[in-house]
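Peer 1: Take this structure, written in structure tokens, and hold onto it; I'll ask about it next.
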Amino acid sequence: DAGVIQSPRHEVTEMGQEVTLRCKPISGHNSLFWYRQTMMRGLELLIYFNNNVPIDDSGMPEDRFSAKMPNASFSTLKIQPSEPRDSAVYFCASSSSGTVYEAFFGQGTRLTVV
Amino acid sequence: AQKVTQAQTEISVVEKEDVTLDCVYETRDTTYYLFWYKQPPSGELVFLIRRNSFDEQNEISGRYSWNFQKSTSSFNFTITASQVVDSAVYFCALTFTGGGNKLTFGTGTQLKVEL
């Protein structure tokens, strides 16, 4: 089975532009997570979904960030407008839910906002 | 609130040495789960192990072993006979029952294994 698939792997954009990151979770997993990794803040959870419903978005930094999960096999994280401080690696992860299961991570999207 | 502390920012060893990566956690939950992930230079996060708070048995998987001690709130990771391919950043993480599998990560330990 394929792992978590993220696209694009790398994104360079200009400040003020809209950026959309995409994620396909592992088939059968019903929890999906978006994490951000920076040197300053490490790995931090932005939002997570359970059965396509956003459960906790307290980590979303501000209104410029939004995430959707229209179906069980696809999620997006959108930044509009982007700013240089949004530069980071964004990871998507998925897991089974019910009891605690390990999360499997995608390869990440390295975002650079210039 | 939950917290994971990895006090070792960077460790350098020579190949074939044993190395232990420390992880100390804080939680008020009585049921919780601890994890280790590996992030090699290629950047992906690779799951290594999950341990629940009721299982204090040490675990060994090949050259990897984990020591969980509730008395000291620690979940340390030892690599025996380290190899260059072990060079990576290693993260310890924590979640709790009812937490939705949300992970709280430590800041990571960069392990460099040299010839």
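Peer 1: So, in Å, what gap is there between the alpha-carbon centers of the stretch B:1-64 and the stretch A:66-81?
Peer 2: So the separation of the two Cα centres works out to 31 Å.
Peer 1: Looking at chain A, identify the longest residue range that excludes and avoids all GluC sites (Glu not before Pro) in DSSP loops having at most 15 other Cβ atoms within 10 Å.
Peer 2: A:63-114
Peer 1: Hey, another quick one. Can you give the net charge of the other residues whose Cβ lies under 12 Å from the Cβ of B:T78, counting K and R as +1 and D and E as -1?
Peer 2: Around B:T78, the charge tally is -4.
Peer 1: Only four residue types carry charge here, +1 at the Cβ of Lys and Arg and -1 at the Cβ of Asp and Glu. Report the dipole size of chain A about the Cα centre in Debye, rounded to the nearest 20.
Peer 2: 200 debye
Peer 1: Report the local net charge at B:E17: Lys and Arg +1, Asp and Glu -1, summed over other residues whose C-beta lies under 14 Å from its C-beta.
Peer 2: Charge balance near B:E17 sits at -1.
Peer 1: Further question on the same structure: With each label point set 7 Å from Cα along the Cα-Cβ vector, what nm distance links A:E14 and B:F54?
Peer 2: Distance between label points: 5.9 nm.
Peer 1: Starting from the eigenvalues of the Cα gyration tensor, five times each then square-rooted, give me the equivalent ellipsoid semi-axes of chain B, largest first, whole Å.
Peer 2: Those come to 24, 15, 12 Å.
Peer 1: Taking all pairs of different Cα atoms in the protein assembly as shown, averaging 1/r and flipping that mean, what Kirkwood radius in angstroms comes out?
Peer 2: Its Kirkwood hydrodynamic radius stands at 18.3 Å.
Peer 1: Now for a separate question. Tell me, which longest segment in chain A has none of the trypsin sites (Lys or Arg not before Pro) that fall in DSSP loops with at most 15 further Cβ atoms within 10 Å?
Peer 2: Looking at chain A, A:65-114 is the longest stretch - no exposed trypsin sites (Lys or Arg not before Pro) with at most 15 other Cβ atoms within 10 Å.
Where a number appears in this text, it was derived from the coordinates with a stated rule and is not lab data. Given the structure is predicted, the values throughout are model-derived calculations rather than measurements. Quick reminder, even Gly has a Cβ in these numbers, built from the backbone with ideal geometry, and neighbours come from all protein chains shown.
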